[in-house]
Amino acid sequence: MTSGRGWYQTWGEPARELHPGDVVEIPADVKHWHGAAKDSRFSHLAVEIPADFVEDRLHRLVRQAIEKDEITMSRGAEILRTDLEAMRDVVSSWV
């Protein structure tokens with residue numbers, strides 16, 4: 001969230017109040033709503049990363065490096081885990 005005050009709620013769970021700097025990760029196909037508090041404006045930045053594309057491309061590159069003996073299998077697993085975490089950090093730093 002970039003400014004104002006608002007709310008986010010996943011279907012069937014309690015609503016969560018949002019303030020500038022808050023980050024909400026919403027997995028694909030999760031029923032939810034978000035919007036401004038009744039006495040505030042609400043502005044936010046939404047980023048959608050096509051997970052299947054990112055993960056498929058990343059997995060393909062790692063698999064190719066393993067097949068060429070450029071990295072070990074355990075290093076490949078570490079790269080996948082670290083890169084996906086780094087992606088979350090980058091998105092979080094935008095707000």
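The values are calculated or read from the model by the stated rules, or taken from the named source; none is laboratory data. Model, not experiment: these values are computed from the prediction. Quick reminder, even Gly has a Cβ in these numbers, built from the backbone with ideal geometry, and neighbours come from all protein chains shown.
Val54 falls short on exactly one of the conditions (1) in a helix (DSSP H, G or I); (2) modelled with pLDDT of 65 or more; (3) touching a helix residue (DSSP H, G or I) at 6+ places or on another chain (Cβ under 9 Å), and that condition is (2). Would you say Val24 is in a loop (DSSP other than H, G, I, E, B), modelled with pLDDT under 90 and surrounded by 12 or more Cβ atoms within 10 Å (Cβ to Cβ)? Judged against the criteria, Val24 is a match.
Within the bounds of segment 35-43, is there any residue that is closer than 28 Å to Thr82 by Cα, of a type outside the set (S, T, N, Q) and either surrounded by 13 or more Cβ atoms within 10 Å (Cβ to Cβ) or modelled with pLDDT under 90 (or both)? Talk me through it step by step, then tell me what you get.
First, pick out the residues of segment 35-43 that are closer than 28 Å to Thr82 by Cα: none.
Among the residues of segment 35-43, not one is closer than 28 Å to Thr82 by Cα, of a type outside the set (S, T, N, Q) and either surrounded by 13 or more Cβ atoms within 10 Å (Cβ to Cβ) or modelled with pLDDT under 90 (or both), which makes the answer no.
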